[in-house]
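**Q** My structure is below; once you've seen it, I'll send some questions.
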Amino acid sequence: MTTTEAETQEAENTWDVCIVGGGPAGLTAGLFTARAGLDTLIVNAGEPILRRNAHLENVPGFPAGVNSRLFLDMLTDQVERNDCELAEAEVVDVSEAADGGFEVTTADEQAIAAEYVICASWAESNYVADIDEVGLMKRGSKTYIDANEDGETGVDGLYVTGRLAGEPHQTVVASGHGAKVALSVIHDSDVPFYNDWVAPDGYFTGRGREVPPGCEEIDEEERKRREQQSMAVMQEYFDSPHPETPTQHPSVREE
Ligand SMILES: Cc1cc2nc3c(=O)[nH]c(=O)nc-3n(C[C@H](O)[C@H](O)[C@H](O)COP(=O)(O)OP(=O)(O)OC[C@H]3O[C@@H](n4cnc5c(N)ncnc54)[C@H](O)[C@@H]3O)c2cc1C
């Protein structure tokens, strides 16, 4: 997308994908849809429940664990580097638009138009309550949105991921489910089949195959450049402790 196209799109607030919630599930879903070329906006209000964690020790790739607030900062940075936009606002309503897609309304009265909506808001589902075809299921004090294993709800174009879809309560599960639901959106959209693999030069073409859509072949020089860049970025992130401490449970804070 050119700068002018991006500016026009932002001015009109029209997106291919709008994701409600910017925790691990929503951020990872946005990473995948944006990398597939779908113009993606993540709308988040409040803080991901992961900010309450004291030290995150079960996410693959961090042998001694990682500060969960740092993890969220790094994931947000990754999302932004991949051209996914983030907005801070509370979504109060999602409704079906007359000409297809959805109208997303925020508490500060922004009107966002999106072809696809992914609900990734942990336990919050009030904003879809007015869509009759959305199946809200009560189990005890908890509410879930009825969906199939790809996160598809009873409404075309409306998806759900993470806790709201009944997934277990772990970061990597939320992220993985966000990715899976994003792939389901990608497959349902017009973008060509997509694997999101970065392969060494010749991996496909050396066998007389085209590089599949969404995949990339990079030569040794570019591979080294990217490795150097990733080392520099990670060294900077791990240079000093994160300044913020865990958020306490609300009931403990109130005591
Ligand atoms: C104390 C504690 C410790 C934990 N420790 C671990 C651990 O060690 N390992 C582990 O794997 N998991 C841990 N977890 C669980 C982990 O935090 C969750 O699995 C993960 O955060 C779920 O990600 P999510 O994206 O589904 O939800 P969240 O991270 O909660 O993100 C949802 C986001 O949506 C936003 N939102 C909600 N409603 C709206 C709305 N209407 N409009 C806009 N935005 C909205 C929320 O404010 C939030 O930012 C812990 C959780 C807690 C509470």
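The values are calculated or read from the model by the stated rules, or taken from the named source; none is laboratory data. No experiment lies behind these values; they were computed from the predicted model shown. Don't worry about glycine lacking a Cβ; one is built from the backbone with ideal geometry, like all the others, and counts go over all protein chains shown.
**Q** How many of the residues in segment 88-112 are more than 9 Å from the ligand (Cβ to nearest atom), charged (D, E, K, R) and either at positive phi or within 17 Å of the chain's Cα centre (by Cα) (or both)?
**A** 1
**Q** When segment 1-35 is examined, which residues are found to be touching a helix residue (DSSP H, G or I) at 6+ places or on another chain (Cβ under 8 Å) and at pLDDT below 95?
**A** First pass over segment 1-35, keeping only residues touching a helix residue (DSSP H, G or I) at 6+ places or on another chain (Cβ under 8 Å): 1, 15-17, 19-34.
Within segment 1-35, Met1 is the sole residue that qualifies.
**Q** Another one. How many residues are of a type in the set (A, V, I, L, M, F, W, C), part of a loop (DSSP other than H, G, I, E, B) and surrounded by 14 or more Cβ atoms within 10 Å (Cβ to Cβ) if we restrict to segment 124-159? Write out each step before concluding.
**A** To start, the set of residues in segment 124-159 that are of a type in the set (A, V, I, L, M, F, W, C) comprises 128-129, 131, 134, 136-137, 145, 147, 155, 158.
Filter again for part of a loop (DSSP other than H, G, I, E, B), leaving 129, 131, 134, 147, 155.
Filter again for surrounded by 14 or more Cβ atoms within 10 Å (Cβ to Cβ), leaving 131, 134, 147, 155.
Selection size over segment 124-159: 4.
**Q** Taking Glu47 as meeting all but one of (1) within 15 Å of the chain's Cα centre (by Cα); (2) buried (at least 21 other Cβ atoms within 10 Å of the Cβ); (3) of a type outside the set (Lys, Arg), write down the number of the exception.
**A** Only one criterion is unmet by Glu47, namely (2).
**Q** Same structure again: Can you tell me which of (1) assigned to a loop (DSSP other than H, G, I, E, B); (2) under 22 Å from Val104 (Cα atoms) is the one Pro192 doesn't meet?
**A** Pro192 satisfies every listed condition except (2).
**Q** Any residue in segment 55-69 that is more than 13 Å from Phe238 (Cβ to Cβ) sitting within a Cβ distance under 8 Å of a residue that is of a type in the set (Ser, Thr, Tyr) and modelled with pLDDT of 95 or more? List the pairs, counting only those 6 or more apart or interchain.
**A** His55/Ser68; Leu56/Ser68; Leu56/Thr171; Asn58/Thr171; Val59/Thr171; Ser68/Thr171
**Q** Sort through Glu133, Glu85, Glu115, Glu124 and tell me the only one that's within 9 Å of the ligand (Cβ to nearest atom), assigned by TED's automatic domain parsing to the domain that holds Ser175 and among the acidic types (Asp, Glu). Let's see the steps before the verdict.
**A** Numbers: Glu133 fails: within 9 Å of the ligand (Cβ to nearest atom); Glu85 fails: within 9 Å of the ligand (Cβ to nearest atom); Glu115 fails: within 9 Å of the ligand (Cβ to nearest atom).
Result: Glu124 is the single residue among Glu133, Glu85, Glu115, Glu124 that is within 9 Å of the ligand (Cβ to nearest atom), assigned by TED's automatic domain parsing to the domain that holds Ser175 and among the acidic types (Asp, Glu).
**Q** Given the condition farther than 30 Å from Leu158 by Cα and not charged (D, E, K, R), answer yes or no: does some residue in segment 190-197 qualify? Give the steps one after another, and end with the answer.
**A** Of segment 190-197, the ones farther than 30 Å from Leu158 by Cα are none.
Scanning segment 190-197, I find no residue that is farther than 30 Å from Leu158 by Cα and not charged (D, E, K, R), so the answer is no.
**Q** Something else now. Which residues, taken from segment 160-197, are surrounded by fewer than 17 Cβ atoms within 10 Å (Cβ to Cβ), among the β-branched types (Val, Ile, Thr) and away from the ligand (no atom under 16 Å from the Cβ)?
**A** Val191
**Q** Does Gly202 satisfy being modelled with pLDDT of 95 or more, more than 16 Å from the ligand (Cβ to nearest atom) and part of a loop (DSSP other than H, G, I, E, B)?
**A** Here the answer is yes, as Gly202 does meet what is asked.
**Q** If you don't mind, another one. What number of residues in segment 22-43 are near the ligand (Cβ under 10 Å from one of its atoms) and in contact with a Cys (Cβ under 7 Å, 6 or more places away or on another chain)? Steps first, answer last, please.
**A** Just the residues of segment 22-43 that are near the ligand (Cβ under 10 Å from one of its atoms), to begin with: 22-29, 42-43.
Remaining after also requiring in contact with a Cys (Cβ under 7 Å, 6 or more places away or on another chain): 42-43.
So the count comes out to 2.
**Q** Under 9 Å by Cβ, and 6 or more places apart or on different chains, what pairs join a residue from segment 160-185 that is at positive phi and in a loop (DSSP other than H, G, I, E, B) with one that is near the ligand (Cβ under 6 Å from one of its atoms) and polar (S, T, N, Q)?
**A** Correct list of pairs: empty, since none qualify.
**Q** Report the residue count in segment 53-74 for those that are in contact with a helix residue (DSSP H, G or I) (Cβ under 7 Å, 6 or more places away or on another chain) and more than 10 Å from the ligand (Cβ to nearest atom).
**A** So the answer is 4.
**Q** Have a look at Glu96, Glu149 and point out the one that is acidic (Asp, Glu) and either under 16 Å from Asn44 (Cα atoms) or modelled with pLDDT of 95 or more (or both).
**A** Details: Glu149 fails: either under 16 Å from Asn44 (Cα atoms) or modelled with pLDDT of 95 or more (or both).
Sole residue among the options that is acidic (Asp, Glu) and either under 16 Å from Asn44 (Cα atoms) or modelled with pLDDT of 95 or more (or both): Glu96.
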